[in-house]
Amino acid sequence: MNLKKYFFLIFIALNITCYAQNMASLSISNNSNQTISKYIYGQFAEHLGHGIYGGFWVDKSMSVAKQDRIRLDVVKALKEIKIPSLRWPGGCFADEYHWRDGIGPTAQRPRMVNTNWGGVTEDNSFGTHEFLELCSLLGCEPYIAANVGSGTVEEMSKWIEYVNSNSTSTVVQLRKQNGHPEPYKVTFWGIGNESWGCGGNMTPEFYSDQFKKYASFAKNYPSVPLKKIASGPNADDYNWTEVVMKNIPNWMMWGISLHYYTIPTGNWSHKGSATSFSENEYFETMVNCLKMEELVTKHSAIMDKYDPNKHVALVVDEWGVWTDVEPGTNPGFLYQQNSLRDALIAATTLNIFNNHCHRVKAAALAQTINVLQSLILTDKDKMLLTPTYYIFDMYKVHQDAKYLPIKLSSPDYEVDGKKISAINVSASQDASGKIHISLVNLDVHNNITISTSLKDIQWKTVNGQILTSANITDINTFQQPDKLHLESFKGAKKDGDNLMVVMPAKSAVTLELE
Ligand code: AHR
């Protein structure tokens, strides 16, 4: 073989390999009776750092539009993405929170030390009424985590009565005196938080008994049937799920929670920077993020043993990326920046939840404003929307839509001999018949062409939105708040009955087919 022919054959072989490497195929079917619950898109706000104080609830003197002390620019931004629920007051804070401290005239409310988060003084100016006013402004469902760790059954029971009853009892009269004659009708109640850790360091056997006791006195008032959520496992503690599912009857709980955070390095004592990381660290972070698929699958399999008809929801009410705090900020405040990487974590995780919607019926990203993987960052009167915010904006179309099953064959994204699937995806059909397909390309270097067949689905046009940027570390800052934002996506077209999509490297896209 002459040299010219040899190089020509090498060239062809390389091209074929490359073509195969950069091609994915997808098949979407209409054959489902499952709904993607809107509560998968829930949020979490704890009394921690500047999440509540300085985030939602600001000084009277701050020159931003406010109702009471709730800032309205953040309310407007969160309404835009249709947040369905807000979990409060914690987190670890929930198990040291005494609700009576947070009602009545503000000046008379007791002060306490927030022992979990920086040892700062909590003045209780943001309490039950303020939280429920916030939820009403947001148009979302409140989700209250009750204190099981340091509170009594009577305290929790009276809180529920205070909030939900319309009787003439003394505690209900107190609510009326405090300015709210009508019951608030809060249905979502967490019975403790992380009872295996900051919520009391309990064993699953002991917690199961505690749950049954507390839940027995968490009463339904007229037209307010409660959705009681048991404190669930820490990440891969499968024994916790097994014991709790075995010991608590299905009828007693609406859901069981799961907490899992993506730690970039996988090491809690050195979690990794939010803004400065290598491709290797990005890859490891994505490996850790994709662990959510395994966790949801394995916890669901245990739940299936005790609840084959799927009455009990898996509620992933704390998730997101947890990095080292921004240099120079209070380590107890968990303030971190938010990059394109974090947006891809959000998109990938939401795809996992959508695809497990038969069991995952609610979730909450930690923690909305200025804490961990935030949707919004504020600096006094300024605010910015993070890349993660834009993922929730793109994905809101899946809320309460019909889940569409998917078969995916994706090339790998490989770093240092380790591989993950480059593409992940979920799809749904909304009430008006529009199909939405959310795709993520985790590969930092390669665009990937996806050929999609849609079984029994009629469509004529395709539009889309994309979130991407030049670097995986790119962030929005107060100097450049719009560096990352949604843009119109032109990389999808109809090709006969097929949909052809060219997914740019490190991007998230949502397509709309009509
Ligand atoms: O979200 C921060 C903390 O993480 C929460 O307070 C706790 O529940 C979890 O460990």
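Table for the structure above
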quantity	calculated
Partner lysines for Lys82 [C-alpha distance under 18 Å; skip if fewer than 8 residues away on the same chain]	Lys38, Lys361, Lys396, Lys402
All-pairs alpha carbon distance profile, the range 70-131, 10 Å steps from 0, percent	20, 42, 31, 7
Inter-part distance where the range 369-383 and the range 443-498 are each reduced to a Cα centre, Å	26 Å
Dipole of the range 36-403, positive direction: furthest Cα of Ala218, Ile256, Tyr282, with charges on the beta-carbon	Ala218
Two-decimal Rg/Rh across the range 220-292, once Rg and the Kirkwood Rh are taken from alpha-carbon atoms	1.19
Nearest-10 value in Å² for the accessible area of Lys76, using the 1.4 Å probe	150 Å²
Value of relative contact order over the chain, rounded to a whole percent, pairs C-alpha under 8 Å and six or more apart	19 percent
Potential lengthening between Asp73 and Ala470 on full extension [0.36 nm per residue; Cα-Cα distance subtracted]	140.0 nm
Per residue, in Å², the accessible surface of the chain once ligands and nucleic acids are set aside, probe 1.4 Å	40 Å²
For the chain, alpha-carbon Rg relative to the globular expectation (2.2 N^0.38 Å, N residues)	1.01
The range 424-514: projected area of the alpha-carbon convex hull, averaged over directions, in nm²	6.7 nm²
Theoretical FRET efficiency, 1/(1+(r/R0)^6), r = Cβ-Cβ of Lys291 and Ser453, R0 25 Å, to 0.05	0.25
Share antiparallel - DSSP beta bridges, the chain, percent rounded to 5	55 percent
Three-way shape call for the range 447-493 based on the alpha-carbon gyration tensor, with the a/c threshold at 1.5	prolate
The range 77-106 versus the range 151-229: alpha-carbon centroid distance in Å	14 Å
Computed lengthening from His485 to Met112, 0.36 nm per intervening residue step minus Cα-Cα distance	130.3 nm
Entries in Lys213/Lys298; Lys382/Lys434; Lys158/Lys382 that, when Cα-Cα distance is taken, lie over 30 Å	Lys382/Lys434; Lys158/Lys382
Portion, in percent, of the accessible area of the range 36-403 that falls on carbon or sulfur, probe 1.4 Å	51 percent
Accessible heavy-atom area order of Glu133, Glu205, highest first, probe of 1.4 Å	Glu205, Glu133
Pair-distance profile P(r), taking every C-alpha pair of the range 71-192, with 10 angstrom steps and integer %	13, 42, 37, 8, 0
Charge dipole magnitude, Cβ of K and R +1, D and E -1 - the chain, Cα centre, debye nearest 20	1060 debye
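The values are calculated or read from the model by the stated rules, or taken from the named source; none is laboratory data. Predicted model only: the values in this text are computed from it and were never measured. Neighbour counts are summed over all protein chains in view; Cβ atoms, including those assigned to glycine, are modelled from backbone coordinates with ideal geometry. For accessibility, only protein heavy atoms count, side chains too; no ligands or nucleic acids. Shrake-Rupley method; radii C 1.70, N 1.55, O 1.52, S 1.80 Å.
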